[in-house]
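To keep things clear, I will list the structure first and then write my remarks on it.
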Amino acid sequence: MVIAGASFAGLLAAREAARLGASVLVIDAQAIGSGQTSACATTLGALQALGMAATVQQVHREMVVHFETSSGRRNDALTFRLSYPFATFDYGQLCRHLAADGMAVGVEFARARVTGYEAPQVVTDRGRVHGTCTIDAAGWRAPLASSVALTHVRPDHLSCGLEAEVPQPHRSPASGLHFWAGHGTVWPGYAWVFPAGAVTRLGVLAFPESGGHVSANGSSKKVSRGMASGASAGLRTALDRFMDGPGADFWSSDGVLPWRPSNTTPTTGRHLHGGFIPCSPRQPVVGDIVCVGDAAGHCFGLTAEGIRAAMAFAIRAGQLAGGVASGRWSASDARTMYWRFATMRRPYFILMNWLQKWLSSLGDTGIRLYSEAARPGPVFWLLMAQYRWAADPVPLLRHPA
Ligand SMILES: Cc1cc2nc3c(=O)[nH]c(=O)nc-3n(C[C@H](O)[C@H](O)[C@H](O)COP(=O)(O)OP(=O)(O)OC[C@H]3O[C@@H](n4cnc5c(N)ncnc54)[C@H](O)[C@@H]3O)c2cc1C
């Protein structure tokens with residue numbers, strides 16, 4: 001089995017398949033755990049089920065939606081009690097633990113850039129390799145699948161996010177996952193603060209509906225969508241404004257006191273990470289290639305949450321590849337079973353993409369009314385239950401394929 005990409009999707013597919021007896025090679029262009037793009041929040045239950053509770057930085061039982069209107073009105077927020085906890089975790093540690101688990105059952109790793117697929121070989125800048133099962137887990141660019149199907153990646157179905165990881169003010173640490181919505185912040189899109197123990201992650205995200213123009217506090221900036229750097233001029237300005245404005249109380253430059261707006265641009269001299277995020281599902285199987293995680297567009301458009309989906313679909317893909325190794329079914333049957341698994345869940349990803357587009361068309365009052373409608377206990381509980389169902393690694397680990 002050959003897997004392109006050693007992040008959430010690739011590492012889990014490898015671990016599952018190797019546990020079931022497959023011989024697995026994982027190829028990544030970067031050192032394991034060094035390519036964080038994400039704010040790294042997912043369900044606590046998923047991390048525990050994977051045996052990764054040690055990587056948890058902070059547990060969150062509330063979500064707070066702050067409203068930033070075009071008129072600049074602030075301090076208006078709704079708090080939602082989460083019916084299952086989320087957690088922020090350490091990306092580097094999680095990847096290294098998963099890789100160590102994989103190595104313990106025989107997974108091999110190679111450092112190379114995957115450049116395409118010429119059936120039945122994966123082409124890299126260091127040579128070619130052939131597997132019975134091939135998985136594209138190399139993120140939104142999907143270098144294997146997109147070399148076979150040229151329209152696999154749709155540039156008009158990509159959101160774009162940019163984030164800074166900075167100290168939390170230790171005298172006033174925050175809790176909960178905080179979002180900012182409305183025409184006074186990044187719109188269409190949102191901003192967030194995800195506390196993670198000693199640090200906190202502040203980010204901004206633009207939906208494709210921004211058409212490359214990110215509105216931040218009333219101004220409009222062109223976002224370059226040509227490159228995957230994600231550090232576009234418009235988003236960086238939006239992040240600076242957010243860190244200097246609504247997000248200022250949540251972070252600290254010295255780790256002690258909250259940031260006070262000043263003449264210094266908050267992101268100057270800081271490492272930022274981020275990139276493009278698919279917001280609609282793609283084909284889960286392209287020719288001989290099984291796509292998992294962002295490579296398959298398995299990220300929820302509205303929330304840009306993709307880690308759980310990367311994990312869940314990778315677990316199933318790994319289990320099916322393990323079945324090929326043990327002779328339970330053929331590689332072709334495994335691909336059909338994976339296609340069915342993904343197709344059953346596809347409508348939910350389409351719904352989340354549709355909600356993202358619909359929300360993008362609302363004004364400030366509409367955004368507020370939409371949020372209030374979702375807030376009553378039983379409604380929010382129901383929404384959260386179906387939100388987890390579409391991409392939950394826990395039952396897949398309990399009931400393997
Ligand atoms: C700013 C931001 C914040 C986010 N926050 C969250 C969040 O809090 N919670 C959440 O659930 N989701 C979040 N997401 C989405 C989430 O990060 C993705 O859905 C998730 O990372 C997908 O995992 P993956 O394993 O499919 O791909 P990735 O994590 O993108 O990993 C792809 C891997 O493939 C490797 N690779 C890429 N190209 C090649 C190549 N050509 N050759 C070899 N290797 C290659 C990369 O080095 C990398 O290791 C966020 C995204 C962004 C941009």
message: So Gln93 passes all but one of these: (1) within 13 Å of the ligand (Cβ to nearest atom); (2) in contact with a helix residue (DSSP H, G or I) (Cβ under 7 Å, 6 or more places away or on another chain); (3) closer than 30 Å to Gly189 by Cα. Which condition number does it fail?
response: (1)
task: Look through the range 116-146, keep the residues that are hydroxyl-bearing (Ser, Thr, Tyr) and under 23 Å from the mean Cα position of the chain (by Cα), and return whichever of them is farthest from Val204 (Cα to Cα).
output: Thr134
message: Scan the range 381-390 and tell me whether some residue there is more than 16 Å from the ligand (Cβ to nearest atom) and either closer than 27 Å to Asp90 by Cβ or assigned by TED's automatic domain parsing to the domain that holds Gln121 (or both).
response: no
statement: Of the conditions (1) within 25 Å of Asp90 (Cβ to Cβ); (2) over 19 Å from the mean Cα position of the chain (by Cα), the single one that His178 does not satisfy is (2)
- request: Have a look at Trp339, Trp354 and point out the one that is surrounded by fewer than 18 Cβ atoms within 10 Å (Cβ to Cβ) and either closer than 23 Å to Ser7 by Cα or in contact with a helix residue (DSSP H, G or I) (Cβ under 7 Å, 6 or more places away or on another chain) (or both).
  value: Trp339
field: Complete set of residues in the range 67-116 that are touching a strand residue (DSSP E or B) at 6+ places or on another chain (Cβ under 7 Å) and of a type in the set (S, T, N, Q)
entry: Thr79, Thr88, Thr115
query: Within the range 96-113, how many residues turn out to be within 13 Å of the ligand (Cβ to nearest atom) and over 21 Å from the mean Cα position of the chain (by Cα)?
result: 5
message: Being out of contact with any strand residue (DSSP E or B) (no Cβ under 6 Å at 6 or more places or on another chain) and at pLDDT 95 or above is the requirement here; does Ala46 meet it?
response: yes
query: Hey, which of the strands (runs of 3 or more DSSP E) in the range 1-105, taking only ones fully inside, have at least 3 residues that are closer than 25 Å to Arg126 by Cβ?
result: 2-4, 25-28
Output for the range 167-181, where each listed residue is in contact with a strand residue (DSSP E or B) (Cβ under 7 Å, 6 or more places away or on another chain) and away from the ligand (no atom under 14 Å from the Cβ): Pro167, Gln168, Pro173, Ala174, Ser175, Trp180, Ala181
message: Taking the criterion of being within 14 Å of the ligand (Cβ to nearest atom), under 30 Å from Ile367 (Cβ atoms) and surrounded by 24 or more Cβ atoms within 10 Å (Cβ to Cβ), would at least one residue in the range 259-277 satisfy it?
response: yes
- line: If we keep only residues of the range 118-148 that are more than 11 Å from the ligand (Cβ to nearest atom) and touching a helix residue (DSSP H, G or I) at 6+ places or on another chain (Cβ under 7 Å), then the residue farthest from Ala9 (Cα to Cα) is Thr132
- prompt: Given the structure, is Ala374 outside the structural domain of Ala22 (by TED's automatic domain parsing) and small (Gly, Ala, Ser)?
  reply: yes
- line: Scanning the range 174-190 residue by residue, those closer than 16 Å to Glu163 by Cβ and not aliphatic (A, V, I, L, M) turn out to be His178, Phe179, Trp180, Thr185, Gly189, Tyr190
message: Whether any residue in the range 318-326 is within 12 Å of the ligand (Cβ to nearest atom) and either crowded, with 24+ Cβ neighbours inside 10 Å or on the phi > 0 side of the Ramachandran plot (or both) is what I want to check.
response: no
message: Contact list please: Cβ distance under 7 Å, first residue in the range 28-54 and over 23 Å from Val394 (Cβ atoms), second residue in a loop (DSSP other than H, G, I, E, B) and among the aliphatic types (A, V, I, L, M), pairs at least six apart or on different chains.
response: Asp28/Ala6; Ala29/Ala112; Ile32/Ala6
- prompt: Pick from the range 6-53 the residues that are under 19 Å from the mean Cα position of the chain (by Cα), more than 21 Å from Leu162 (Cα to Cα) and of a type outside the set (A, V, I, L, M, F, W, C): which of them is farthest from the ligand (Cβ to nearest atom)?
  reply: Gln48
Those residues of the range 294-317 which are under 21 Å from Ser146 (Cα atoms) and either of a type outside the set (A, V, I, L, M, F, W, C) or away from the ligand (no atom under 16 Å from the Cβ) (or both), in sequence order: Asp294, Gly297, His298, Gly301, Gly306
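The values are calculated or read from the model by the stated rules, or taken from the named source; none is laboratory data. All of these numbers come straight from a predicted model, not from anything done at the bench. Counting neighbours? That spans all protein chains shown, and the Cβs are built from the backbone with ideal geometry, glycine included.
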